[in-house]
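Engineer: The structure is given below, and queries will be raised subsequently.
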Amino acid sequence: MSDNMVKIIIDDVEYEVPAGMNVVDAAKWHASNDIPVFCYHPKMEPVGMCRMCLVEMGTLQRNPETGAVMTDEDGNPLVRWFPKLQTACTQVATDGMVFRTNTQAVVDARENVLEFLLTSHPLDCPICDKGGECPLQNLTMAHGPGESRMNFSDKMKLDKHVPLGDLIFLDEERCIQCGRCVRFQDELVGDDVLAFHERGRTLQIITNSDPGFDTYFSGNTTDICPVGALTTADFRFGARPWELTEVPSIDPHDAAGSNISLSVRLDRDFGGRAMIKRVMPRQNEYVNELWISDKARFGHHFTRSEDRLQKPVVDGKDSDWATAISTIAGLLEGADGDIAAIAGSGMSNEDLFALRSLVTANGGKRLGAWPTTHTGADLVAAVGVGVGTNLSDLGAGDAVLIVASDLEEEVPIWRLRLKGAHDRGAYVVVANARKTRMDDFASATPRYQAGKAAHWLDGIDKADPEVAKALKAAQNLVIVAGAEGLTLDGSRALMQSAANFLIDSGHYGKANNGLMSPLPGPNGMGLHYVGFTPEVTADIAQNPPKVLIVAQAEILSDDPYARAWLDKVETIISLNLFPDAVADMAAIALPIQSFAERDGTFTNGERRVQRFYTAQGPMGDALPAWQALSRISEHMGQGKAKASAAAVMVMMSNELPAFEGMRYRELSRTERQFPDISGDDMYYGGTAYQNKGGLGKVIPTTAEQGETPARADVSLPPVLEVGKGQFVVLPATRLYNLESTFRPSTLVHPRIMSPFVEVNAADAARLDINNGDVVEVKLPDVSVRVRASVNGGAPEGALVLPRHLTDDPTPMTVAVGEIAKV
Amino acid sequence: MNIIKGFATTFKHLREESITLQYPEQVRPFQERFKGRHHLRRYDNGLEKCIGCSLCSAACPADAIWVEAAENNDEQRFSPGERYAKTYEINMLRCIFCGYCEDACPTQAIELGHEHQMSFTDRRDSIFTKEMLIDAVPEGGQPTPQKVEAGAFDRAIPDMPDPK
């Protein structure tokens, strides 16, 4: 880096900054000089629209012969000043630049810009959601004129309540037309659903999509809005920013593990307990930068849903913990070691460890992971992306392969960041049987036959030699391998093929190289590291144990075929947030706390162990799962119950090599991150960017620990036999669905698609099915009535049937079925 | 001599009118600036002046005020603009009657009146709710929530004279 450094002078002090760095950023990062901005955002291209960052700029005068800087008699360098003020945000640092940010001319310019902005900005700060964390307010206080020469009664009167879609409201009066929202959607997301309408004084932000503001990232525009023009329907008037307590947490919905901040306040309607008022992003440049998906932002209502299980249920009756624990102890003792557990990925690492300890101490060996759609976490642990990986570093010369995953629906933050990699010049390949959103940001989109992802990747050298060559030649290569359209065996084969590919080309064991998987839920990798695997779940289904502990795995809501084998289990002990169908079957159902009510850690898809903290008041008698489980252990004389999640982690870091050194204090370390967006200045809107909860710590891959990963033969799953009139039915994931952790967010319900099946146009024509017709999809033992959608989303001979849109489950893995018009 | 001087003072004061009042039968008149119990004011048409902005609560040095806001519309209008106070509570045990809330209020919704007889025997009674604090609906006004003409009350802050 040092050979790229240049010297610039800001307010008579010389600084060494990287060449080409934006001057606003350079002044802030290197000189701690806050040049005020409205339209500029370090994550976006500068436009120089707001004129707030005007500074005096000049260049050092040099002797044309020697190149030496010329000086006056006192030895001060001579500067050739530009005749007019320049916008700092549109300048990049080059050698010999000189800036002055505190002269009278600059002060006057700022005053004038603010005075002019305020000619039509309403003075309704008292009711504005941004009031208190508003860049316009802050900069007016810091740089404003104090008095206006304009007539207050002349202000524009515009509509103050314009819904942009179901989630975001626009106050036209407050908008200062900086265009941050428009540019965010356009540049960073690639969903250009916002636009400027009209010109001059009548210019307004409009949405041009149907439904309005149709994107999974809309909430971020409210954060970057420098005024209160954009507000979320969720938070609207929920509290004033200074009344909120920011609690660091982790998005509990997907494998990205986005760092979030839960803004909580005591609430009268919630019995005086602390309640989550809004969810804001928390800066972690390795994980989610400054952005979160709308599911993370608006999907928090399940934590305080009235439907939550609030008391332990023993034999169908409400009971208490003492009874439940002694009953469970009796059941486990009577099981004679025939005990197994299935855990979902909503369980924290500590919960999983407590469950593992309980099961193994009582003679059980089988620890299953749920759902049984994705596997290969062991390969991610072996040849996953190296320590120090940052998807934002991927650019020209690098390559990304996304295979068998609809990333926008599965892990939207990864899709956002990989879209950025594509923009920076990375070679992005999206391989799938069908068209997915990520295709729009791909350099190549090879297609394989439905259900044959592993076959394709295993034989990529023949199938797509050019793609294979480009991927192998890349400087850095990241493979994101999902499991869409695969069985569990197929997922294993695909992951192994991906690992083999990486091993062959040498793209593993270092930063920005390796394997990632969009495992469902927030802690898919944690399941692996604590020893829970989906293959064992398949084994449990084959040979049901006497006692089965089902922890946060909604087996019956996910899998239509599970009841058959669950019925054969003698005793089920359920731990869940909600009284689901498994809890109904269970002898004992224990209420456990959601991520918001207690602290713990999740391991994200990039193997980063991250802490979340206690935010919300508890629901009923629910306990953290680790606490409930270790109390059972204590009751059975298997060690004293741990007092805190931190203590469980200490024990875990001693026993499990993967978690070595993962003490809570280590995990809560933070560092200064670029862009330096959080802190006292608040130019960029919102108070919750600042990361005080820790950046987490990545578990190194075994390849990085010196183990040479071995290639293994891929055992390709048998090809599905599709008879005449039959179709391959591909289960797909929708981000907004009716899973129990999202259903209570009624605000987003208008955005949840009504149940549908995607049919290929040629097939639809043959079967006389039109877009919108009600059809029946018949699968072995299951049939669902849904609407047909003929929109080019399904390859010929295949049906795409999204999961979790209907009340009854549809198959989790690829199957063969029929379709008929009703 | 000294004793005569002393008694002279005593007799002089004996002749003066007594200033002791027989409270509570007799009540001393208040100065206009006296700060007693808070009132939440209404506009003449009955709409609440309070817009639930929480600035009183922010200004309160004793942390005595608790405000929770909610959204308003023309169908169910409590106050002008989009925001109104869903919950408004003052803990009179905490309140030090400094009047900062009055100063902070952008709509002059909260005013400290002259009422000062606020004793209670249960701590919980010290919390005065919105129902207890708000003025009665003035004559000719409507109780809230009101159904109002669309767009008639869409500004939260009343038009101010030019503050210059």
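The values are calculated or read from the model by the stated rules, or taken from the named source; none is laboratory data. From a predicted model like this one, the values you see are computed outputs, not experimental measurements. Here the Cβ is made from the backbone with ideal geometry for all residues, glycine too, and neighbour counts use every protein chain on show. All accessible areas refer to the heavy atoms of the entire protein, side chains included, with ligands and DNA or RNA removed. Shrake-Rupley method; radii C 1.70, N 1.55, O 1.52, S 1.80 Å.
Engineer: Can you work out the FRET efficiency for the pair A:W565 and A:E306, with r the C-beta to C-beta distance and R0 = 22 Å, to the nearest 0.05?
Structural biologist: 0.10
Engineer: Moving on. Label-point separation (nm) for B:S126 and A:R672, each offset 7 Å from Cα along Cα-to-Cβ?
Structural biologist: Here the modelled spin labels are 4.7 nm apart.
Engineer: Turning to a different aspect of this structure: Choose one of A:H41, A:I413, A:L575: the residue whose Cα lies farthest towards the positive end of the charge dipole of the protein assembly as shown (beta-carbon charges +1 Lys, Arg; -1 Asp, Glu; about the Cα centre).
Structural biologist: The residue sitting most towards the positive pole is A:L575.
Engineer: On to the next question. Could you tell me which of rounded, prolate or oblate describes region A:377-516, using a ≥ b ≥ c as the square roots of the eigenvalues of the alpha-carbon gyration tensor, with rounded for a/c under 1.5 and, failing that, prolate when a/b is larger than b/c and oblate otherwise?
Structural biologist: Taking the square roots of the gyration eigenvalues as a ≥ b ≥ c, region A:377-516 is rounded.
Engineer: Would you mind checking the pairs A:K295/B:K86; A:K724/A:K778; A:K43/A:K419; A:K510/A:K697; A:K724/A:K821; A:K43/A:K697 and listing those with alpha carbons more than 19 angstrom apart?
Structural biologist: Details: A:K295/B:K86 28 Å; A:K724/A:K778 14 Å; A:K43/A:K419 14 Å; A:K510/A:K697 16 Å; A:K724/A:K821 17 Å; A:K43/A:K697 24 Å.
Listed pairs above 19 Å: A:K295/B:K86; A:K43/A:K697.
Engineer: Using a 1.4 Å probe, how large is the accessible area of A:D34, given in Å² and rounded to the nearest 10?
Structural biologist: 60 Å²
Engineer: When you look at the Cβ of every residue in A:126-134, what mean number of other chain Cβ atoms sits within 10 Å? Don't jump to the answer; show the numbers that get you there.
Structural biologist: Details: counts 13, 17, 4, 2, 0, 3, 3, 0, 0.
The mean count of partner-chain Cβ atoms within 10 Å per residue comes to 5.
Engineer: What dipole magnitude, in Debye to the nearest 20, does chain A give about its Cα centre under +1 on Lys/Arg Cβ and -1 on Asp/Glu Cβ?
Structural biologist: Here chain A has a charge dipole of around 480 debye.
Engineer: While we're on this one: What residues qualify as long-range amide H neighbours of A:I168, i.e. H under 5 Å apart, gap of 5 or more or another chain, H built at 1.01 Å from N?
Structural biologist: Long-range HN contacts for A:I168: A:A233.
Engineer: If you don't mind, there's one more thing I want to ask. Can you give the average number of partner chain beta-carbon atoms within 10 Å of each beta-carbon in peptide A:147-160, as a whole number?
Structural biologist: The shielding value for this peptide is 2.
Engineer: Label points 7 Å out from Cα along the Cβ direction at A:D768 and A:N654: separation in nm?
Structural biologist: Result for the modelled spin labels: 7.3 nm.
Engineer: Any idea how far apart A:S443 and A:A19 come out in nm if each label point goes 7 Å out from Cα toward Cβ?
Structural biologist: Taking the two extended label points, one gets 2.5 nm.
Engineer: To the nearest Å, what is the center-to-center distance of region A:277-334 and region B:71-106, using C-alpha atoms only?
Structural biologist: 35 Å
Engineer: Can you check how the C-alpha radius of gyration of chain A compares to 2.2 N^0.38 Å, as a plain ratio?
Structural biologist: Taking N as the residue count of chain A, the ratio is 1.01.
Engineer: GNM, chain B, Cα, under 10 Å: largest mean-square fluctuation among B:V148, B:V137, B:V27?
Structural biologist: B:V27
Engineer: Next question, about the same structure. Of the options A:L623, A:A712, A:V287, report the single residue whose Cα projects farthest towards the positive end of the charge dipole of the protein assembly as shown (beta-carbon charges: Lys, Arg +1; Asp, Glu -1).
Structural biologist: Most positive-ward Cα: A:L623.
Engineer: Using only the heavy atoms of the protein chains and a 1.4 Å probe, how would A:E115, A:E776 rank by accessible area, largest first? Show your work: numbers first, answer last.
Structural biologist: Details: A:E115 10, A:E776 40 Å².
The ranking, largest first, comes out as A:E776, A:E115.
Engineer: Say the dipole of chain A comes from +1 at the beta carbon of Lys and Arg and -1 at that of Asp and Glu; which of A:V800, A:V478, A:A820 then lies farthest toward its positive end?
Structural biologist: A:A820
Engineer: Tell me which residues come under 5 Å, amide H to amide H, from A:M21 once H is placed; ignore anything under 5 positions away on its chain.
Structural biologist: A:A93
Engineer: Here's something else I'd like to know. How would you classify region A:677-822 from its alpha-carbon gyration tensor, with a ≥ b ≥ c the square roots of the eigenvalues: rounded for a/c under 1.5, else prolate if a/b is greater than b/c, otherwise oblate? Provide the component values of the computation, followed by the final result.
Structural biologist: Working: a/c = 2.86, a/b = 1.45, b/c = 1.98.
It comes out oblate by the Cα gyration axes.
Engineer: Which FRET efficiency, nearest 0.05, do A:K317 and A:N102 yield, Cβ-Cβ r, R0 60 Å?
Structural biologist: Rounded to the nearest 0.05, the efficiency is 0.25.
Engineer: Follow-up. Looking only at other chains, what is the average number of their beta-carbon atoms within 10 angstrom of each beta-carbon in A:234-240?
Structural biologist: 5
Engineer: Quick one: Cα centre-to-centre distance for region A:544-576 and region A:45-64, in angstrom?
Structural biologist: If you average the Cα positions of each part, the centres end up 66 Å apart.
Engineer: Tell me which residues come under 5 Å, amide H to amide H, from A:N576 once H is placed; ignore anything under 5 positions away on its chain.
Structural biologist: Residues meeting the amide H criterion: A:Q552, A:L590, A:I592.
Engineer: Between A:E466 and A:V816, what length comes free when the chain is fully extended (0.36 nm per residue of separation minus the Cα-Cα distance, one decimal in nm)?
Structural biologist: Working it through step by step, the gained length comes to 122.8 nm.
Engineer: If you don't mind, another one. Would you kindly derive the ³J(HN,Hα) couplings of region A:796-803 from the backbone phi angles with the Karplus curve 6.51 cos²θ - 1.76 cosθ + 1.60 (θ = phi - 60°), listing them in order in whole Hz, with x for Gly and Pro?
Structural biologist: 5, x, 10, 10, 9, 10, x, 8
Engineer: At what distance in angstrom do the alpha carbon centres of region A:636-670 and region A:67-110 lie from each other?
Structural biologist: Here the answer is 55 Å between Cα centres.
Engineer: Could you please put A:R447, A:R734, A:R665 in sequence from largest to smallest accessible area, using a 1.4 Å probe?
Structural biologist: A:R665, A:R447, A:R734
Engineer: Rank-order B:49-56, A:801-808 by packing density, defined as the average count of other C-beta atoms within 10 Å over each peptide's residues, highest first. Before the final figure, lay out each step's value.
Structural biologist: Numbers: B:49-56: 25.5, A:801-808: 18.5.
Per-residue mean Cβ counts within 10 Å order the peptides as B:49-56, A:801-808.
Engineer: Right, something else. Could you run the Karplus curve 6.51 cos²θ - 1.76 cosθ + 1.60 with θ = phi - 60° over region B:116-129 and give me ³J(HN,Hα) per residue in whole Hz, x for Gly and Pro?
Structural biologist: Karplus values, whole Hz, x for Gly and Pro: 9, 8, 10, 8, 8, 9, 10, 4, 5, 6, 6, 8, 8, 8.
Engineer: Can you send over the solvent-accessible area of A:M753, 1.4 Å probe, protein chains only, in Å² to the nearest 10?
Structural biologist: 80 Å²
Engineer: Show me, for region A:743-750, the HN-Hα J-couplings you get by feeding each phi into the Karplus relation (A = 6.51, B = -1.76, C = 1.60, θ = phi - 60°), rounded to Hz, glycine and proline as x.
Structural biologist: With coefficients 6.51, -1.76 and 1.60, one gets 4, x, 7, 5, 3, 8, 3, x Hz.
Engineer: Still on this structure, please answer the following. Taking a point 7 angstrom from the Cα of A:F116 along the C-beta vector, which residues in region A:130-172 have backbone N less than 15 Å away?
Structural biologist: A:145, A:149-150
Engineer: If you rank A:R356, A:R424 by how much accessible surface each has, with a 1.4 Å probe, what is the order from largest down?
Structural biologist: A:R424, A:R356
Engineer: If we sort A:391-401, A:289-299, A:584-594, A:254-264 on the protection proxy, mean other Cβ atoms within 10 Å, highest first, what's the order?
Structural biologist: A:254-264, A:289-299, A:584-594, A:391-401
Engineer: Here's another thing I want to ask about it. Using a 1.4 Å probe on the protein heavy atoms only, what accessible surface does A:S153 show? Give it in Å² to the nearest 10.
Structural biologist: A:S153 has an accessible surface of roughly 90 Å² with all protein chains in place.
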